[in-house]
Amino acid sequence: MARGGRRPGAGKPKGYKHANTLAKEELRRQLAERVARDFEALTDAQIQLALGVRHTFRRDVNGRWVHLIDPQEIQEALNSGADGDVYWIYAKPPSIRAFAYLTDQAIGKAPQAVTLAGESNRPVNYVLTWELPQP
């Protein structure tokens, strides 16, 4: 009688996927379809998150602050050069993580430095040896 080791026909067949794996793959497929369908809107939302939500105000002739909504008025106010008469306030600050994600996707992730150290932060030394097969 065999005691361990390889036995013919034992174990799961090659390529077998557990029910949990199949369920995850199906969810991943459904998510990919939804993302593909709404890709432009999702990209715009990610860009808006990276930019933040900004409100622009301009001082009127009476000295009161007026909330600017029209993009043309905002552009004119910012380009007017009137120091102290135009301000903007962030209702939601720009997201650095969203910006980093967008740049990583668009131009690739920046190289990351990796330092290997052993005990007491000393460099790790590897010694490789091998033997050539005898003819």
Query raised in the report: So how many Lys-Lys pairs in the chain land under 30 Å Cα to Cα, not counting same-chain pairs under 8 apart?
Result: 4
Requested in this report: Please check the chain for the longest run free of chymotrypsin sites (Phe, Trp or Tyr not before Pro) that are loop-located per DSSP (anything but H, G, I, E, B) and have at most 12 other Cβ atoms within 10 Å.
Outcome: 17-125
Query - Read-out Cα extents along the principal axes in Å, derived from the coordinates shown; its label in [x] 52, 41, 24; [y] 100, 46, 30; [z] 33, 33, 27 - result: [y]
Query raised in the report: What percent do you get for the relative contact order of the range 1-123 when only Cα pairs under 8 Å and 6+ apart count?
Result: 24
Query - Loop sites in the range 46-133: GluC sites (Glu not before Pro), DSSP, at most 12 other Cβ within 10 Å - result: E131
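What's the exposure ranking of T115, T43, T21, T56, going from fewest to most Cβ atoms within 10 Å?
Least to most surrounded, the residues fall as T115, T21, T43, T56.
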Report summary line: The exposure ranking of L31, L78, L128, L49, fewest beta-carbon neighbours within 10 Å first, is L128, L31, L78, L49
Query raised in the report: Which cross-chain or sequence-distant (5 or more) residues have an amide H under 5 Å from the amide H of S95, H modelled 1.01 Å from N in plane?
Result: A50, L51, G52
Report summary line: Listing S120, S80 by rising number of other beta-carbon atoms within 10 angstrom, fewest first, gives S120, S80
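Values quoted throughout were computed directly from the atomic coordinates according to the rules given, and no laboratory measurement underlies them. This structure is a prediction, so every number in the text was calculated from the model and none was measured. We place every Cβ from the backbone using ideal geometry, glycine too, and count neighbours over all the protein chains shown.
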